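Engineer: To start, I am sharing the structure in question, which I have written as structure tokens.
The values are calculated or read from the model by the stated rules, or taken from the named source; none is laboratory data. Note that this is a predicted model, so its numbers are computed, not measured. When we count neighbours, we look across all protein chains shown, and the Cβ atoms used for this are built from the backbone with ideal geometry, even at glycine.
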């Protein structure tokens, strides 16, 4: 069993350790520029197509530029109910991914 003086010493040591100042390291600056577009149109009375994309310019030290383009098709199946899906191409710093979604 731990005595009360030992508990007090442990509590005091924990409080002193937590009281020590910590140094935060942050980036000096981070410059980015975003461009985003969305185009939506009806393919027929119950079906719509949306195409969206973005371009992100950023410093090479932050991972380089990033581009995305996605398309989404939505189909109305009942009043107030739509189902849909699509796909996209995502490129960041030379790494390219193709993803589907629903």
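Engineer: Taking segment 56-71, which residues are farther than 26 Å from residue 40 by Cα and outside any loop (DSSP other than H, G, I, E, B)? Give the derivation first.
Structural biologist: Going through segment 56-71, the residues farther than 26 Å from residue 40 by Cα turn out to be 58-64.
Within segment 56-71, 58, 60, 61, 62 qualify.
Engineer: Can you give me the number of residues within segment 83-94 that are without any contact (Cβ under 8 Å) to a residue 24 or more places away in the chain and exposed (fewer than 13 other Cβ atoms within 10 Å of the Cβ)?
Structural biologist: 2
Engineer: From 41, 63, 53, which residue is surrounded by 10 or more Cβ atoms within 10 Å (Cβ to Cβ) and either at pLDDT 95 or above or more than 20 Å from the chain's Cα centre (by Cα) (or both)?
Structural biologist: Details: 41 fails: surrounded by 10 or more Cβ atoms within 10 Å (Cβ to Cβ); 63 fails: either at pLDDT 95 or above or more than 20 Å from the chain's Cα centre (by Cα) (or both).
Result of the check over 41, 63, 53: 53.
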